[in-house]
Each structure stands twice: as structure tokens, then as C-alpha cells.
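The values are calculated or read from the model by the stated rules, or taken from the named source; none is laboratory data. These figures come from a predicted structure and were not determined experimentally. Please note: Cβ atoms are built from the backbone with ideal geometry, for glycine as well, and neighbour counts cover all protein chains shown.
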Amino acid sequence: MAEFGLVAEPWLRPRLGDGRTIEPMGLQEVLHRAGEITEIVTDFATQSPALLRQVLLPVVVDALGAPADRRAWADRFSRGAFSEAELDKLDTYLEDHRPRFDLFHPEAPFAQVAGLRTAKGDVKGSGLLVAAEATGNNVPFFSARTEGDPPRLTPADAALWLLHAHCWDTAAIKTGAEGDPMVKAGKTTGNPTGPLGQLGVVVPIGRTLYETLLLNIPIGVQGRLGVPQWRRSIGPAWESRTAKGLLDLWTWQSRRVRLVPEQTPDGDRVTGVIVAAGDRLTMTPDWEPHTAWRVDKPTKKAAKQAKPVPERPLRHTPGKAIWRGMNALLAVEALETAAFRASELLDQVSGLAAEDLIDDRYPLRAETFGVVYGNQSAVIEDVLHDATPLPVAALRANADVRFAVLEATEQAEQLAQALNYLSADLRRASGLEPIPWDKGQRPGERLLHLLDSVVRRLLRGLQNVPDAETLDRGLLAWEQEARRLALQIADSVHAAVPESVFAGRETRKPDGTTAAAFPLGVAVNDFYRRLNRILPRTKDER
């Protein structure tokens, strides 16, 4: 009988501070060396938050508890690694629960239902777990294999894809499982996506795995921890309910799964799987720590009745870099008029910074994750992942660095818009219609692409600003480079316009009357006027 214990078996690939990816480790060894490991390497970006939430964080919090207050958090954070006493507690915890971390345990396989089967005894190919594989309606372009040729997953890979399915699985119809009273005609319908698929996931990242774990543990939540899935008995039946605490939310079993291994010359391989309906979250709790929030403007009636302002998880926009949503990442003030609310964890860093419990120069990063679903959320169309330096000082409500970050990122957006205006004006001067916003590539998009590395370099520099003079020099350098790149794109836009349109061309209005010509010089002057307004520090430069 197959065995694969996640506590000791090498299934996690750690990377050290020197950039080396070393031999895989089991969960226990990873926690022992968390202070020297920088990250756990995964093959698919969205496996990382699944691993963090489904295993690493709940094990640490259930074994050691959450910090009671900011001072307790800072004391743990400053150690840089688990203490000997904490490691003893973790070892005891993992030993007590070792059978529940066996991927193929006959009675309680990890994150699965023992003996799960369909009425007909059908087993699907293991590709059903793999987001990039062709299965059912989910047929990625240029897939290297078909549904009839499922991947032969190593137990380590199968474990990661199992966690991924609980967090990100597609919606719609699922195989009906024996023992599930909600099955009709051998299937269940109305299944939502995995819980992370409904969020724009934001994860604060530290210098080491240990620091990342601490940065992702909410402070003062002892009263609402609940228990992780491995401390509960889970059968084929599921329910719609709210999360019973943070550990329940992190280890949410959104599917009922059973991995089917087989013996091969290369060892145990998972080639089959049953994926059935799992628990459904009736709502995303407002204490979900890994998402920012969009705050809806209350109606007049709701405002008069003093009802709470409705909030929704803020989803990431495909093709939009994380720094372009900095106003949401930095929305740490509890303002009634705010359009966004930052994630609880970034808001927590803000409070720690305000009390000088975390250094303003700490090299914090923010990573974002998301999935774009298509065809009624039944297929995965795209996976979103980005990372950016995030100056801790920018999380302070009235810090100069905060205003600098917001100013620079807004300037980038305005410059892109100015170039789009220039393009539209020159096309009108040529007698053409402007490029539609949803068709073709407008010059503003080209500029944002060029500015991406510049903005990230600025954010990294703003993590280590000793004084106001250095900050001013940094912003001046930013504006100079932004102006240079904007003029570079503008030159290419000019070059596409023939000299014959210098005086502009008359156009017809919808009512048939003649509109005045739009001279080329007017378009160019308008662009420079906008450029000088957007980049005031360099308005005298040409």
C-alpha cells in the first residue's frame, strides 16, 4: 500500500538566501530551517498561496498560537527563526498528527476523503487536478497532452496540485460522490470556484520563509482560530456554511477528493483522481486576511439608516501590474469616503510601523495572485502573478514616502493617458478616428510597459530613504526618466503621421456640418502642456 507522509517525505523544494534551490525537504525540516530558507519553489505560481494557507500557516498557528499583540509579534519576528521551545512544540504537534499528513492513508488521507467513489466507480485522469492540463472543458491552447493521456504525478506534485484544487478549482458541474445526498443524476451543479478564485490574493513577503510566515499571521485572533481540516472528520457529504475561524478558512475543503496512486517502475505515481463537490462558503468573511477590498458607495437610504458600507474582495485586473493598483494596496486609513480597504495583513504592517516595531527600511515585498476563469467559471483562461517592492514607510498614513509612491504611480497613468490623447489628436488631424480603447495597442500601453521596470526600481529605492533631500532627488530622477520615455513614445507617434497633415483636416460632424481642422501644432502643444503639468519637476527640461 502506498505511503507518503508530508511531515518527513521530501516534497517541498526550498531556496536559500544565495539563490540555490537545494534538495527537497519534508514539512518538519522546512520549519526547522525556515530562518535560512527564502521561499518554497513551485512549478505553478498559484500553488504558492495554496501551500501557505493550506499547510504552512495553519500548522504554525495551530501549534504555536497567534501573537496576542503587536509587541508579542515583534518579539517573535526579531528572532529570525523559531526558538528551540517553539521547534519542540512544532515537532510534538507534527508527531501527534502525523497519520493525518499521510497522502495515501487508508482511513484519513491528507485533505481527502478515504474511499471516495462515484456510483459507477469512475475515476478521472490526474490531469483534472492540474490547471494547465487538458481535461473536460478546460482545454488550454497548445496543450502537450490530451485527457486520455493523464500526467503521472509524483506524490510531491500530487500534494501541491491537491492543495491548489481546494483553493482555485473551477466551478460548475462536479462528479457526484456516493454518500452525498445532494447528488442528482450522478453529478452536482452550482459549485463555485475555490475560495481563492473569488479573491485578488495579496501576500506580504519577507526576506526568509520564517519572516513571511510571521507577516501572514494576523495579530490578536486567538478567539477566532477554529481548527484546521486535519483535526476534523470529513466525509463525502458537504454543506454551505460560513468559516468557523481562521484555520477553517485557510484549510477550507472546497472539494471532496481522492487521489488514486499506482505502482510504476519509477515508484508510486498518481494517475487517477476523483474530484467531487465540497463545502461552499456562503460569504467571504470581512476578516479574510489575504485580499484588499472594494468599498461600495452607500445609497442615500443606507447612509441615513447608518448601515455598514458594503465591501467586496478586490479582484486583480488581467494585464495590469501590481503597482498600478497602489491606491488599493496602501488604503490603510479607515476613511468613510475611501473606495478601497487594504488587506488586513498590510494594515497590520502599517500599525507595526507606526509603533516602530518594524523598520521603515525593511525590504517588504507584496505578491499578488489570481485566476481568470471563463465559460461560466468552468475553465481557467489565465493565471495572474506579480510581485513588487513595497516601502514600509508608504504604509504610514501621513508619510512622505507614501505620498511619493502614490504620486509616481499616478503620474505613470497620466502620462499614458497624455500619449493616448496625442495619438487621438494626430489621428484626427489625419482625418482618422482615434484607436478604440478596447482594440489595438495604444501608445499609452507601450509607455506603461517601458515604465514598469522604472517604477519597480523607484519603489525599491524608496525602501531606503534616509532623508527628505534623498527623496526629492529620487523623485526628480524618476520624472526625468519618465519624461524621456514618454518623449520616446511620442516621437514614434509623430513619425507615423505624414507631413501633409500639418495644417489638419476638416471633418464632418454627425449633423453634416463641417468641423474645424485640428492642426498638428495644436496637438503637439497640448501634449507638452500635459507633460509639464504631470511632471512639474522637469517642466523646464526638453
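When we screen ARG456, ARG428, ARG483 for residues that are part of a helix (DSSP H, G or I), among the basic types (Lys, Arg), assigned by TED's automatic domain parsing to the domain that holds VAL522 and surrounded by 20 or more Cβ atoms within 10 Å (Cβ to Cβ), the only hit is ARG483. Note on region 350-366: among residues that are surrounded by fewer than 22 Cβ atoms within 10 Å (Cβ to Cβ) and under 16 Å from ARG457 (Cα atoms), the one that is nearest to the chain's Cα centre (by Cα) is ARG365.
Scanning region 1-33 for residues that are closer than 18 Å to PRO58 by Cβ and within 22 Å of the chain's Cα centre (by Cα) gives a single hit, LEU12.
Of the strands (runs of 3 or more DSSP E) contained entirely in region 208-299, those carrying at least 3 residues that are closer than 23 Å to PHE340 by Cα fall at 293-295. Only one of the numbered conditions (1) over 30 Å from GLN222 (Cβ atoms); (2) aliphatic (A, V, I, L, M); (3) touching a Phe, Trp or Tyr at 6+ places or on another chain (Cβ under 8 Å) is violated by LEU57, and that is (1). Go through the residues of region 178-190 one by one and say whether even a single one is touching a Leu at 6+ places or on another chain (Cβ under 8 Å), surrounded by 19 or more Cβ atoms within 10 Å (Cβ to Cβ) and not assigned by TED's automatic domain parsing to the domain that holds LEU364. Scanning region 178-190, I find no residue that is touching a Leu at 6+ places or on another chain (Cβ under 8 Å), surrounded by 19 or more Cβ atoms within 10 Å (Cβ to Cβ) and not assigned by TED's automatic domain parsing to the domain that holds LEU364, so the answer is no. On inspection, ASP347 does not qualify as at pLDDT 90 or above, surrounded by fewer than 16 Cβ atoms within 10 Å (Cβ to Cβ) and over 15 Å from the mean Cα position of the chain (by Cα). Residues in region 255-266: is at least one surrounded by 23 or more Cβ atoms within 10 Å (Cβ to Cβ) and more than 23 Å from LEU51 (Cβ to Cβ)? For region 255-266, residues surrounded by 23 or more Cβ atoms within 10 Å (Cβ to Cβ) and more than 23 Å from LEU51 (Cβ to Cβ): absent.
Scanning region 236-258 for residues that are out of contact with any helix residue (DSSP H, G or I) (no Cβ under 8 Å at 6 or more places or on another chain) and over 20 Å from GLY190 (Cα atoms) returns LYS244, ARG258.
The residue that is modelled with the lowest pLDDT, counting only those in region 521-542 that are within 13 Å of TYR421 (Cα to Cα) and surrounded by 14 or more Cβ atoms within 10 Å (Cβ to Cβ), is ALA523.
Only one of the numbered conditions (1) in contact with a strand residue (DSSP E or B) (Cβ under 7 Å, 6 or more places away or on another chain); (2) under 15 Å from PRO289 (Cα atoms) is violated by ASN191, and that is (2). Do we have any residue at all in region 373-386 that's surrounded by 16 or more Cβ atoms within 10 Å (Cβ to Cβ), at positive phi, outside the structural domain of VAL454 (by TED's automatic domain parsing) and touching a Gly at 6+ places or on another chain (Cβ under 9 Å)? Yes, region 373-386 contains a residue that is surrounded by 16 or more Cβ atoms within 10 Å (Cβ to Cβ), at positive phi, outside the structural domain of VAL454 (by TED's automatic domain parsing) and touching a Gly at 6+ places or on another chain (Cβ under 9 Å). The condition of being surrounded by 20 or more Cβ atoms within 10 Å (Cβ to Cβ), over 30 Å from THR470 (Cβ atoms) and under 13 Å from the mean Cα position of the chain (by Cα) holds for only one of LEU422, LEU329, LEU314, that being LEU314.
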